[in-house]
1. Can we say Lys166 is without any contact (Cβ under 8 Å) to a residue 60 or more places away in the chain, away from the ligand (no atom under 12 Å from the Cβ) and surrounded by fewer than 21 Cβ atoms within 10 Å (Cβ to Cβ)?
2. Within the range 211-231, identify whether any single residue is in a loop (DSSP other than H, G, I, E, B), aromatic (Phe, Trp, Tyr) and either more than 15 Å from the ligand (Cβ to nearest atom) or buried (at least 16 other Cβ atoms within 10 Å of the Cβ) (or both), and answer yes or no.
3. Within the range 146-161, count every residue that is within 13 Å of the ligand (Cβ to nearest atom) and among the acidic types (Asp, Glu).
4. For the range 194-204, which positions are buried (at least 18 other Cβ atoms within 10 Å of the Cβ) and either free of Cβ contacts under 8 Å to residues at least 40 places away in the same chain or in contact with a Leu (Cβ under 9 Å, 6 or more places away or on another chain) (or both)?
5. Hey, among the residues in the range 92-114 that are open to solvent by 10 Å² or more (accessible area, probe 1.4 Å) and over 19 Å from Leu311 (Cβ atoms), which one's nearest to the ligand (Cβ to nearest atom)?
6. Could you grab the pairs with beta carbons closer than 7 Å, sequence gap of 6+ or different chains, first residue in the range 318-337 and closer than 14 Å to Gly305 by Cα, second one of a type in the set (Gly, Ala, Ser)?
7. Out of all the residues in the range 249-279, which are away from the ligand (no atom under 16 Å from the Cβ) and not in a loop (DSSP other than H, G, I, E, B)?
8. Looking for whichever is more than 16 Å from the ligand (Cβ to nearest atom) and either more than 22 Å from Asp128 (Cβ to Cβ) or surrounded by 21 or more Cβ atoms within 10 Å (Cβ to Cβ) (or both) here; the options are Phe78, Phe52, Phe88. Which one fits?
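The values are calculated or read from the model by the stated rules, or taken from the named source; none is laboratory data. Predicted model only: the values in this text are computed from it and were never measured. No Cβ is skipped: glycine too gets one built from the backbone with ideal geometry, and neighbour counts run over all protein chains shown. The area values use the complete protein model at the heavy-atom level, side chains included, leaving out ligands, DNA and RNA. Shrake-Rupley method; radii C 1.70, N 1.55, O 1.52, S 1.80 Å.
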Amino acid sequence: MTEKFIPLIDIRRHRESLTIPAQMKLPNGDLKDTLARPLHDLRISVTDRCNFRCVYCMPKEVFDKDYEYLPHSSLLSFEEITRIAKIFLSHGVKKIRLTGGEPLLRKNIEDLVAMLAELRTTDGTPPDLTLTTNGSLLKKKAQSLKQAGLNRVTVSLDSLDDAIFKRMNDVDFAVSDVLSGIDAAHQAGLGPIKINMVVKAGVNDNEIIYMARYFKNSPHILRFIEYMDVGASNHWQSSDVITSHQIIQRLNAAGMPLHSLAANYEGETAQRWKHNNGQGEIGFISSVSNAFCKNCSRARLSTEGKLYTCLFATEGHDLRALIRSKDNHSDLLVANVIASIWQSRTDRYSELRDLKESKSQPGEKKIEMSYIGG
Ligand code: SAM
């Protein structure tokens, strides 16, 4: 296909440009990248701010009072986010996850949820609408989020021990407040609730057994996440990682044997397991020990409208420049730009890391988790 190349942004500040295909095609809901991976999930970061300073994500020494967060004018508005989400749905996206930073800090987030809930997938159904939160504002907001049309929440909780949890969130936030947020979400019908525990060796790995016991007979799904080498500010080292396999061994040794379950759908991030003698489900997100790039169907939209096709990317594609352009580009044109980005996608960072072929160049900075969301 002949393509014209239009630099849409100020190249003094950004290296990338967007390619606008010369011939426009209507989206058919079946986009594939260079490795035949479909586009099914869209993660939308609604803020780069967070009220926690988790030591492995937004360490205080980097995210201090002088840290420059995005100015309000550069954030996508709810209308802009909804417009972009609608275009993604026309390409086959079925699931939308709101994230951050802490997404519940974004003012009137319920309004955005309501706008997204009005959208339809190519099957004519509403998108599966979920949100990842640290739980701090969940007690207050669970009911209104449900009313606005949110289906489910994932809540991050790294320990049940107050001292460990406070050391990890680094803002003195208590476990009981997150647990009451989880209860409120359950009461509001935002389940099944997933509980994300990032396991860092020597920091909270002795909490694995307590967490598994606590949630064993609950309706919630506890998920152990391998600590990842995402971003550039957490000084990740491979010795900090406790692998899923090691966690399963520890649970076994503690009298909690598990058996594996089939995936709910292709491309699911967590491997699903269940207690042999308990009702609770357990998930393992093994992005370090067992990279799942080959099934990755996720696109990520940053707070200020950059599209990333990998959590470990260093550069995004500036969709905000496209939709704010004075040329008033049509949805069809934006859809074609997105199609062209996805169709040229080659990312498989975690697999290459395993093969020791990671292509990061010295000086290239991977995006932070707090910027793009989990
Ligand atoms: N503030 C929300 C929260 O706490 O869930 C959403 C954003 S947070 C960046 C999303 C998820 O990413 C959380 O579950 C967090 O624990 C996880 N996370 C952050 N840094 C990580 C890392 N280096 N490795 C694995 N998971 C990480």
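1. On the way: without any contact (Cβ under 8 Å) to a residue 60 or more places away in the chain: yes; away from the ligand (no atom under 12 Å from the Cβ): yes; surrounded by fewer than 21 Cβ atoms within 10 Å (Cβ to Cβ): yes.
Considered against the rule, which asks whether it is without any contact (Cβ under 8 Å) to a residue 60 or more places away in the chain, away from the ligand (no atom under 12 Å from the Cβ) and surrounded by fewer than 21 Cβ atoms within 10 Å (Cβ to Cβ), Lys166 comes out as yes.
2. yes
3. Total meeting the criteria: 1.
4. Lys194, Ile195, Asn196, Met197
5. Out of the qualifying residues, it is Leu105.
6. These pairs meet every condition: Asp318/Gly305; Leu319/Gly305; Arg320/Gly305.
7. Once the filter is applied, which keeps residues that are away from the ligand (no atom under 16 Å from the Cβ) and not in a loop (DSSP other than H, G, I, E, B), the range 249-279 yields Gln249, Arg250, Leu251, Asn252, Ala253, Leu258, His259, Ser260, Arg272, Trp273, Lys274, His275.
8. On inspection, the qualifying residue turns out to be Phe88.
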